[in-house]
Amino acid sequence: YYYYSEHRTLNRTLHIDDKEFDIPQVDTPPTLESILNEPEDEDEPFILEDTCILNTENIDAHSCETSSLASSDSGDLHGSVLRRNVLKGISAQMVSAADKVDAGLPTAITVSNVIAVGTSHGLALVFGKHNQALRLCLGTTVTGAEYGAVSALSINHDCTRLLCGFAKGQITMWDLANGKLLRTMTDAHPPGTAILHVKFTDHPALAVCNDSGGSVFELSFRRVMGMRTCESRCLFSGSKGEVYCVEPLHAGPELKDHPITHYSLLAMASLTKILLIGLKPSLKVWMTFPYGKTDPASVPLLAWQFVAAQKTINPVLAFCRGNTIHFLLVKKDESGTIHVIKQRQLQLNCDFISLSWINPRTLVLMDSTEKLRVVDRPSQEELETVDMAELQLVYNSSHFKSLATGGNVSQALALVGEKTCYQSVCSYAGQIMYLGTKSVHIMTLRNWRERVDHLLKQEKFMEALSLSWSFHEGTAKAVLSLFADPAKRKGVVAEKMVEILLQYVDRSLKKCPEQGKIQVMEQHFQDMVPIMVDYCLLLQRTDLLFNQIYPRLVENSVARGVFLESLEPYILSERIGCLTAPVMRDLLSYFQENGMMDSVEGCLVHMDITNLDIQQVVQMCWDNQLYDAMIYVFNSGMNDYISPMEKLFQAIGPPLREGKPLTDEHVVMGNKLLVYISCCLAGRAYPLGDIPEDLVPQVKNQVFEFLIRLHSVEAAQEEEVYPYIRTLLHFDTREFLNVLALTFEDFKNDKQALEYQQRIVDILLKVMVDNSDFTPSQVGCLFTFLVLEFLCSPDDDSRHTERQQVLLELLQVGGVVQFDEGHLLDLAEKAEFYQICEFMYDRKHLYDKIVDCYLKDPLRKEELFNYIHNILSMPGYSSEEKQLVWVKALQHIKVSQKRLHMLCPLEHTPGREKITEKHKLHEATAYLLEKKGDVQGAFEVLLQRILLQALKHQGQDEETGDEVPSLLQRVEEALHDIIALCQRSSHGLNQQQREALWFPLLEAMMSPQKLLKGADTKHTSEALKELTMKVLNSMSSFIAPPAIIQRILKDPVYGKGKLAEIQGLILGMLETFNYEQTLLETTTNLLNSDLHWSLSHLRKAVSRGLHPRQDHCNICLQQYKRRQESEEEIIIFSCGHLYHCQCLQRKEVGVLSERQYSWSCYKCTSNQGSRPADRRSTESSRSHSASLAQVSQAVTIHNQCAQPNMKILAYFIHLNMLQKNVLFSMDHNKNS
């Protein structure tokens, strides 16, 4: 090959900015020639420069792995994406030119605002793009014979110049305005090679060409002194590595100011790698990317496209060789650094010969079988396959073999040239043109309406609806001419879908077979009607479904039935919640006529039934045993939650009262009644959903009130009290009590529910106990319910001992035999019923676990060793059981204060102190001495422990200081124990004895601080001062502050220092004083306020007069005498009822307590259903039932008010004493 001077100076002028591109320094920078001259079998991996920017698009954010796609036809799913047109005017003129003027066959095509077609006889035919009229015929057959066939064409960005490359190596430039030849370049590249590619760049005076020798040249066009010149510079020599394809980056007018366009990027493809270089402002290599191993016959392909990603628009280079497509994103960051980022690659199962972008998201590829494949790049989904065999695509094989110049090309280039069609495919502005031997085909994307209409013409309504819905939801691929705004997009597409649905309805009626089996007609509509319903619901257009589609289907009886039946699954899944009145009536009547009552019930409980005749629907439900639907209609239609229970009780009540066996229907009704009651009390709607929040309290109260009614609405003379509870207990005692248990568990914090709970329990006891109508098993269920819900409630802290004792007695007498022992044991542990646990473990002979029960029970800890002694010494226990108890006891025995409290009774046992002293157990020794009464001895033992720890701390601090924190912690623990001892003992000591306890302790904490000097001991000194402050705060409640301050000032540590050194101690004491003073004032104010409030309310209650409802006794019905001389006693209650005292005594409603009768109203108590014996047992605890005025006409007015005045006086004395106690305690601290 012949080399030009420009190439000889390339190695001197081509330098890469290492700092800008962050490339490591090398001894000898590589040149373009050396890069392409690498052996083809070298598989050099490409390392991404900036992988953190890999997620430039959502679909590319995961990985760069290859995804394989099948080549199946998916046109039905996405419709016809490409519109294929034949440019008949241009095609006809090409054929005519070949026949009439010997123009030759077409060889190359390019497109801009005009379409240029090159021929095999050296002509360039220029056609208008819109009218396809021949505008220019450039060249002659004479020059064609000299230059050979047109092998490459290119039009510049403003469509004013045309470059033609020829098979024998010449290049010409034409003016497209007048058809004038501007330049002929015969020496731009080595002679004897064909031009494979010639392409303008976006720079108006710059182009590149690629010849059959594999070399690439830069062409610079200039005009000097009126002369047009062309300077050629070799960018790459093909002496060893040949370039097969070049593609400059072109930006449209809207992107002319993009920062990347200033570099005039050029992509070049060889057999082994891709090169990306910048021509401006100086030549730079931006990156190389190796293919890897591919088929030698595969064609390298390149295509640029500007793509929007992360709110910016940057160029993406798509390149492939074989079946794998790679993508490189080029971007410039704020610092000016250029990044080339690899994105996720795409692999298909075919060999490609053409690659083009039709828009920023869609690629159009042609495989070696001449089939076009439309691929959506973000989702990597193949959208459509189009067979282009009839095109008779023009191949450029002769030029790659350089037949016009003698075929002097490499074998590799000739092999690739067998399938090359670079000059036969050209894309511009969303259009791709394919050049055939006799025609030109243009491929464009259909807009969304055209794609839908294309399916409708083929009567593919289901596919058209599916495609339209994808447009509606924004999930469609390769979308054109649709609003980006979601609201506008959905509005336009919805209108189109309504139009399609109405056409679909008409077609379904027309295509229905008029004759034949009914099953065939039903199947016909069953295939179509659900599709109509589905899309109406998706569009939220039930008005379209019921007001337009249903009236059309009603014309056909089969279609009407299929439509009504098809509504059921949508209603059950709650996709349809409301029907129009005509459709609802038709639905119910159709189901009723066809015996589909189960479907009626299922639909009713899922729909809004406010537009129906409620009474008619209720009657229909009752007649057909649709109890769920009946309950739902009452609840939803009328907010009536009681009437369903009344109707069900009326049905199951009589047979239960008469003792007749229940039918299956009655059992079903009873079970539904129990579930319905449970749902109402839990706030849930029956059979599904929830009761409105504002109705929940009302519904609960209504149901409770209904259940505890004394009599039913239409009660017979012989009806027993509480008929509803009796009915449920007779029907299924266990399940009814389970319902109550679940209810009570949900409403433990509801005061109203707790009141109903107590009321229902009282009724249950009254109805079931001592009633022969209930079996022992049913009564046992009641006891189980009571025990589990009340006695073992872990949330109830009241009367813990009494509840445990009651349960223990029940277990001991065998009154509760239906317990699940495991469940009972679990409840007892949660409720801390350790005696119950002991009883259960004892029955199972698990004596070792009883040890834990004693340890956990604070009331019986001291009895543990007696129990262990009995187990180990008494007969009747196996050796294994004794061994387990012994092991368990050893595990828990730790000689500490708490264990000694169990080991040693309060009385003193000689010798125990010596044992603890021998083993240096200071806490145990102090505990024994304190229990013995020797407080001073216990104090000295603990004080000695503190001094010992302080000495250890001092020695350790002087040596290493490593264990200082742990020693300080031990000092703090010992101090805590001795402070607790001093506080417990100070209450029974005088002032002098208190000082004898507290001051030595204070001295013990201050004395170690005298020895701490230097900066190294600062932390220890601060810690000891904090502990000293803790002692001062504790002793200030028992020692007068002046005495404490005087003692501190005498100490050498604080006495010789400045005031600032003891400022913290003094301020701490003053702060404690201020806190206690504030506490005293607040407490006094609260007591005064409470006392005033209580006295005023008591005064109002006593001074209020009582007015009787009648002027006669409510027992004997005799009038009372108003004369003062009468000796008859009259009692008036706050409820207004009046009685003679003698009448009340006869009815036994008075309780004698403290030589005085406490009365309760006979009539009110009788209405509540309690018996006189019960009232006597509880009267003393129900003070609110006692009479508020006991009037004796023989006694003076002073005696009438004597009892209330005594109550006021006693209450006042009680509060006064409480106030004095608090004031005394606070005043003592204040004076101190």
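The values are calculated or read from the model by the stated rules, or taken from the named source; none is laboratory data. The model shown is predicted, which means the values in this text are computed figures rather than measured ones. All Cβ positions, glycine included, derive from the backbone under ideal geometry; neighbour counts span all protein chains shown. Note: accessible area is taken over every heavy atom of the protein model, side chains too, but ligands, DNA and RNA are not part of it. Shrake-Rupley method; radii C 1.70, N 1.55, O 1.52, S 1.80 Å.
If the label point is 7 Å along Cα→Cβ of Val667, which residues in segment 761-783 have backbone nitrogen under 20 Å from it?
The answer is 775, 778.
Ordering Val386, Val374 from largest to smallest accessible area (1.4 angstrom probe), what's the sequence?
Descending accessible area places them as Val386, Val374.
For segment 630-717, with every protein chain kept in place, what is the accessible area per residue (1.4 Å probe, Å²)?
Each residue of segment 630-717 exposes 48 Å² on average to a 1.4 Å probe.
Distance from the Cα centre of segment 139-153 to that of segment 868-882, in angstrom?
121 Å
Once the piece of chain linking Asn447 and Phe999 is laid out straight, how much longer is it, given 0.36 nm per residue of separation minus the C-alpha distance between them?
188.9 nm
Extension gain Arg684-Asp158, at 0.36 nm per residue separation less the Cα-Cα distance, in nm?
181.9 nm
Please turn the phi angles of segment 470-486 into ³J(HN,Hα) values with the Karplus equation 6.51 cos²θ - 1.76 cosθ + 1.60 (θ = phi - 60°), one per residue in order, whole Hz, x for glycine and proline.
These are the phi-based 3J(HN,Hα) values: 5, 5, 4, 8, x, 9, 6, 10, 6, 7, 9, 6, 10, 4, 7, 5, x Hz.
For a quick check of understanding: with a 1.4 angstrom probe and all protein chains in place, what accessible area in square angstrom does Lys168 have, to the nearest ten?
Here the accessible area works out near 80 Å².
With a cap of 10 neighbouring Cβ atoms within 10 Å, and only residues DSSP puts in a loop, list the GluC sites (Glu not before Pro) found in segment 535-580.
Glu555
Taking θ as phi - 60°, what are the ³J(HN,Hα) couplings along segment 648-663 by the Karplus curve (6.51, -1.76, 1.60), each to the nearest whole Hz, with x for Gly and Pro?
5, 5, 4, 7, 9, x, x, x, 5, 5, 7, x, 7, x, 7, 7
For every other residue with a beta carbon closer than 11 angstrom to the beta carbon of Glu450, add +1 if it is Lys or Arg and -1 if Asp or Glu, then tell me the sum.
+4
Whose amide H sits under 5 Å from the amide H of Glu381, counting only residues 5 or more places off or on another chain, with H placed in the peptide plane?
When sequence neighbours closer than 5 places are left aside, the close amide H contacts are Asp376.
Compute the distance in nm between two label points, each set 7 Å from the Cα along the Cα-to-Cβ direction, one at Thr437 and one at Glu390.
1.7 nm
Which FRET efficiency value, to the nearest 0.05, do you get for Asn870 and Gln891 by plugging their Cβ-Cβ distance into 1/(1 + (r/R0)^6) with R0 = 22 Å?
0.70
Inverting the mean 1/r over all pairs of different Cα atoms, compute the Kirkwood radius of segment 110-240 and quote it in Å.
It works out to 14.8 Å.
Given the C-alpha centroids of segment 421-443 and segment 685-734, what is the distance between them in whole angstrom?
Cα centroid of segment 421-443 versus Cα centroid of segment 685-734: 84 Å apart.
In debye, nearest 20: dipole of segment 132-185 around its Cα centre with unit charges on the Cβ of K, R (+) and D, E (-)?
Dipole of segment 132-185, to the nearest 20 debye: 20 debye.
Just to confirm my numbers, what's the Cα centroid distance between segment 555-577 and segment 309-383 in Å?
Measuring centre to centre over Cα atoms gives 48 Å.
State the volume of the convex hull built on the alpha-carbon positions of segment 544-617, expressed per residue in Å³ and rounded to an integer.
Taking only Cα atoms, segment 544-617 has a hull volume of 84 Å³ per residue.
FRET efficiency for Ser712 and Asp608, Cβ-Cβ distance as r, R0 = 41 Å, nearest 0.05?
With R0 = 41 Å, the Cβ-Cβ based efficiency is 0.80.
So what's segment 86-142 giving for Cα Rg divided by 2.2 N^0.38 Å, two decimals?
Cα-based Rg divided by the globular estimate yields 1.00.
Could you compute how much accessible surface His711 exposes when probed at 1.4 Å, giving the result in Å² to the nearest 10?
Per-residue accessible area (His711): approximately 80 Å².
Taking every pair of Cα atoms in segment 486-565, average 1/r, invert it to obtain the Kirkwood radius, and report Rg/Rh to two decimals.
We get a ratio of 1.03 for segment 486-565.
Calculate the spin-label point distance for Asn85 paired with Glu755, positioning each point 7 Å from the Cα along the beta-carbon direction, and give it in nanometres.
Each label point lies 7 Å from its Cα, and together they span 8.4 nm.
Please give the solvent-accessible surface of Phe1073 in Å², to the nearest 10, using a probe radius of 1.4 Å with every protein chain present.
We get 80 Å² for Phe1073.
Report the calculated FRET efficiency for Trp1093 and Leu537 (r = Cβ-Cβ distance, R0 = 51 Å), to the nearest 0.05.
For R0 = 51 Å, the calculated efficiency reads 0.20.
Obtain the nm distance between the two label points defined at Val675 and Leu509 by a simple spin-label model: each point lies 7 Å from its Cα along the Cα-to-C-beta direction.
Inter-label distance under the simple model: 4.2 nm.
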